[in-house]
1. Set Lys and Arg Cβ to +1 and Asp and Glu Cβ to -1, take the dipole of the range 61-126 about its Cα centre, and tell me which of ASN72, ALA89, SER106 lies farthest positive.
2. Along the Cα→Cβ direction, 7 angstrom out, place labels at GLN103 and ARG56. What is the inter-label distance in nm?
3. Would you mind calculating the gained length between GLU36 and GLN124 on full extension (0.36 nm times residue separation, minus the Cα-Cα distance), in nm to one decimal?
4. Can you check how the C-alpha radius of gyration of the range 37-102 compares to 2.2 N^0.38 Å, as a plain ratio?
5. Counting only other residues whose beta carbon sits under 12 Å from that of ASN35, what net charge do I get with K and R as +1, D and E as -1?
6. What dipole magnitude, in Debye to the nearest 20, does the range 60-126 give about its Cα centre under +1 on Lys/Arg Cβ and -1 on Asp/Glu Cβ?
7. Taking the simple approach of a point 7 Å from Cα along Cα-to-Cβ for both PHE26 and VAL117, what is their distance in nm?
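Quick note: the coordinates plus some simple rules give every number you see, no bench work behind them. In this text, all values refer to a predicted model and were calculated from it rather than measured experimentally. All Cβ positions, even for glycine, are placed from backbone atoms using ideal geometry, and neighbour counts span all protein chains on display.
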Amino acid sequence: MSGGDYKLHPGNGLGSAKAKDKKEEFLSQILERLNELFLTDGLTDRDLINYAHTFRDKVSENTNVMSQILNNTPEQAMLGDFPKALDDAVLDSSEAHQKQMMQILSDPGVAKGFARVVFDLIRQAI
């Protein structure tokens, strides 16, 4: 064979590996931390994440806390209103969930409407 008989074919798989999505990586780290904190018997990963999201959303409604978070280091913000706002969110969420649960269980119209909302949320996510 002469030197011209050898041909290199360029690879086509270079650079095709995808880096792990930053949001997915963050949620994975959060889940790992939650699993270290809680006894997770009977709790799914989604149970843990959704529980944390509930309080994130509730605390985020507090403008003083959000200002403190945005304008301070995490250590400084944790010395401000954040701990009390989180405690309040934990206590208030139980009451709020209880009220919603009672409305769903006692009113077939609410139950049907809520079922449709949940159905639509699931359909939108797939």
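1. SER106
2. 2.5
3. Answer, rounded to one decimal: 28.5 nm.
4. Its radius of gyration relative to the 2.2 N^0.38 Å reference: 1.27.
5. -4
6. About 440 debye.
7. If labels sit at PHE26 and VAL117, their model points lie 2.6 nm apart.
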